[in-house]
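See structure below.
The values are calculated or read from the model by the stated rules, or taken from the named source; none is laboratory data. Being a predicted model, the structure only gives us computed values, none of them experimental. Note: ideal-geometry Cβ built from the backbone for every residue, glycine included; neighbour counts use all protein chains shown.
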Amino acid sequence: MSSGLFRSGAVISAMTMISRILGLVRDMVVARYFEVSGATDAFFVAFRIPNLLRRFFAEGAFSLAFVPVLSEYRKTRTPEALRDLIDHVAGMLGLVLLLVSIGGMLAAPWLIDLIATGFSHKDGARPELAAELLRIMFPYILFISLAGLAGGILNTFRHFAAPAFAPALLNVILIIATVWVAPYFEEPLKALAWGVFVAGMAQIAVQLPALQRLGLVPHFRFRRGHEGVKRIMKLMGPALFGSSVAQINLIINTNIASFLAVGSNSWLYYSDRFVELPLAIFGVALGTVILPKLSGDHAQADTGAFRHTLDWALRLALLIAIPATVGLVMLSEPILASVMMYGEFRWSDVQMSALSLMTYALGLPAFILVKVLAPGFYARQDTKTPVRIGIMAIFANMGLNLVIVLPWFLSGASGAHAGLALATALAGFVNAGLLYLTLRREGMFDPSSGWGKHLLRIMAGCIVLALVLALLMPADAWWQSASGLKRMAWLGLLIVVAVVSYFVTLRLSGLSWRQMLGRR
């Protein structure tokens, strides 16, 4: 079992790695061509809305509701019933998202006011530009949700490569739009918005060949009262909140940041991108792989296999998440200086982005644990429990913002946006902790033996990793003055040495290479 999940996870991680590397290249290009300003704040604020809805419909609530029901149909129904379900889900999803897209385009100015209230009261802000960009980008949610439908079908049939690679197209198209298309626009940032629009269609197209080979290309059919669709819609409603708590917290942060210094939303965006890298490569990959497996275990009433799958995923998650957190905190300025400090992106932007990267990275273990623990509920078609816990985490985030950010902001000190990232990180631990405790209380998870030794090994490896980085790290002045090539080379060396020292320490502590790779 572990070997099969490992291979599937490796495929997703590899494809996701390609996408995320291209995402970093995209951000480097955008930062080089567009200075941090009210205009870039406008783009990142506008992009938050379709990005949030993408997490809700395409990657979050929809897939978490659709895959368990589809897995059940695959195991217990005829192929004709399976195709009928897919066709009617496509019809319902397409209709709902078409209406959402039209409504979003019409309501764009009000949506911007809602999520970035401070824009209209701050010098240098561009609320009218944000609304215009949002109108262009809103249909992306329709396209990307249909791509999510295709991905859910392929994942259920263990075809992980195409859905995992599809997001890379967004990055490629935005790079092209920034470098070659933007000069033809009076407002260059509109080229990025149109790039998002086109990328949504491209992500559907790249998955069609795999669907055709399976004979499962959706045909849009609509019938009220379809049993499978009703079950998915019932599961999807609560999951809208439970699957995307971190994203809702980011929207809250976006609104609060709109009252802070110009550039705050851009700094938060760039720091978020570097936390999203390990989260997507490991957290999302693990969650995607174990959801069909857990759904199958539950359908067959195999509680032992269900617990074993969760235990395996949690061990592997923490093996990666904790050292990744240490690395991001210690390398925050070197990473931003090496990857982003070109053209219009200055050292002052590096420093401000690094503040929020350090605080946001503290929540990485929690964010990854949520991706692993939440499928333990969704696989059993329980969406109500995660949503209750998610709402608690949202309120925790709001309370932490008041406790951390408000005094910071009122004091007049710079860097208040870092407090927003810290509040989100701490709220992530509330979410993960409550999910874990609930699974234990319901008897769906019982840690196997050896967890204490596993955590001690991880901590020993992290201590060695931190000492190695502290000894080899050049001073800030070097990162400011060195050429881009030298910065990238030295950053690469630091990362390689840190990773090697961590895994060598794990091996010396008695953990085998197979266990480090998640194989038993």
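Report, by residue number, each residue of the range 464-488 that is of a type in the set (A, V, I, L, M), assigned to a helix (DSSP H, G or I) and surrounded by 13 or more Cβ atoms within 10 Å (Cβ to Cβ).
Within the range 464-488, VAL464, LEU465, ALA466, VAL468, LEU469, MET488 meet the criteria.
From ILE12, ILE49, which residue is assigned by TED's automatic domain parsing to the domain that holds ILE252, crowded, with 21+ Cβ neighbours inside 10 Å and out of contact with any Asp or Glu (no Cβ under 6 Å at 6 or more places or on another chain)?
From the options ILE12, ILE49, the qualifying one is ILE12.
Would you be able to say whether some residue in the range 202-214 is free of Cβ contacts under 8 Å to residues at least 24 places away in the same chain, farther than 20 Å from LEU291 by Cα and among the charged types (D, E, K, R)?
Yes: one or more hits.
How many residues does the range 461-494 contain that are among the small types (Gly, Ala, Ser) and either assigned by TED's automatic domain parsing to the domain that holds VAL350 or under 24 Å from LEU310 (Cα atoms) (or both)?
Within the range 461-494, the first condition is being among the small types (Gly, Ala, Ser), and the residues that meet it are 461, 466, 470, 475, 477, 481-484, 489, 492.
Checking which are either assigned by TED's automatic domain parsing to the domain that holds VAL350 or under 24 Å from LEU310 (Cα atoms) (or both) leaves us with 461.
Number satisfying all stated conditions: 1.
Could you please let me know if PHE282 is among the aromatic types (Phe, Trp, Tyr), touching a Leu at 6+ places or on another chain (Cβ under 7 Å) and more than 20 Å from GLY390 (Cα to Cα)?
No, not satisfied.
Please go through the range 323-350 and pick out each residue that is among the charged types (D, E, K, R) and either assigned to a helix (DSSP H, G or I) or buried (at least 22 other Cβ atoms within 10 Å of the Cβ) (or both). Show your work before the answer.
Pass one, the range 323-350, residues among the charged types (D, E, K, R): 333, 344, 346, 349.
Listed by number, the residues that qualify are GLU333, ASP349.
Could you please give the count of residues in the range 171-192 that are touching a residue at least 12 places away in the same chain (Cβ under 8 Å) and within 20 Å of GLU132 (Cβ to Cβ)?
Filtering the range 171-192 down to residues touching a residue at least 12 places away in the same chain (Cβ under 8 Å) leaves 171-179, 181-182, 187-192.
If we keep only those that are within 20 Å of GLU132 (Cβ to Cβ) too, we end up with 173-174, 177-178, 181-182, 187-192.
Residues that pass the stated criteria total 12.
Looking at (1) under 22 Å from GLN351 (Cβ atoms); (2) outside any helix (DSSP H, G or I); (3) not aliphatic (A, V, I, L, M), find the lone condition where GLY510 falls short.
(1)
Where the second residue is among the basic types (Lys, Arg) and the first is surrounded by fewer than 24 Cβ atoms within 10 Å (Cβ to Cβ) and lies in the range 377-398, which pairs have Cβ atoms under 8 Å and are six or more apart or on separate chains?
GLN381/ARG231
Here are some conditions: (1) closer than 30 Å to GLY304 by Cα; (2) touching a residue at least 40 places away in the same chain (Cβ under 8 Å); (3) assigned to a helix (DSSP H, G or I). GLY452 meets all but one. Which one does it not meet?
The failed condition is (2).
Among the listed residues ARG273, ARG307, ARG221, ARG231, which satisfies the condition of being in contact with a Gly (Cβ under 6 Å, 6 or more places away or on another chain) and either closer than 28 Å to ALA205 by Cα or at pLDDT 80 or above (or both)?
Working: ARG273 fails: in contact with a Gly (Cβ under 6 Å, 6 or more places away or on another chain); ARG307 fails: in contact with a Gly (Cβ under 6 Å, 6 or more places away or on another chain); ARG231 fails: in contact with a Gly (Cβ under 6 Å, 6 or more places away or on another chain).
The conditions single out ARG221.
Every residue, every condition in (1) crowded, with 16+ Cβ neighbours inside 10 Å; (2) in contact with a Gly (Cβ under 8 Å, 6 or more places away or on another chain); (3) touching a residue at least 60 places away in the same chain (Cβ under 8 Å); (4) among the hydrophobic types (A, V, I, L, M, F, W, C), yes or no:
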| residue | (1), (2), (3), (4) |
| --- | --- |
| SER71 | yes, yes, yes, no |
| THR76 | no, no, yes, no |
| GLY94 | yes, no, yes, no |
| VAL100 | yes, no, no, yes |
| LEU106 | no, no, no, yes |
| LEU142 | yes, yes, no, yes |
| GLY151 | yes, no, yes, no |
| ASN155 | yes, no, yes, no |
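Can we say ILE404 is of a type in the set (Val, Ile, Thr) and either out of contact with any helix residue (DSSP H, G or I) (no Cβ under 8 Å at 6 or more places or on another chain) or closer than 28 Å to LEU70 by Cα (or both)?
So ILE404 fails the test.
Scan ARG388, ARG380 and give me the residue that is outside any helix (DSSP H, G or I), at pLDDT below 95 and of a type in the set (Lys, Arg).
Result of the check over ARG388, ARG380: ARG380.
Pick out, from the range 127-245, the helices (runs of 4 or more DSSP H) lying fully within it that include 2 or more residues that are within 18 Å of the chain's Cα centre (by Cα) and more than 30 Å from PHE395 (Cα to Cα).
140-156, 161-165, 168-176, 189-205
Being β-branched (Val, Ile, Thr) and under 30 Å from LYS75 (Cβ atoms) narrows it down to one residue among ILE144, ILE173; which is it? So that I can check it myself, show each step before the final result.
Numbers: ILE173 fails: under 30 Å from LYS75 (Cβ atoms).
Result of the check over ILE144, ILE173: ILE144.
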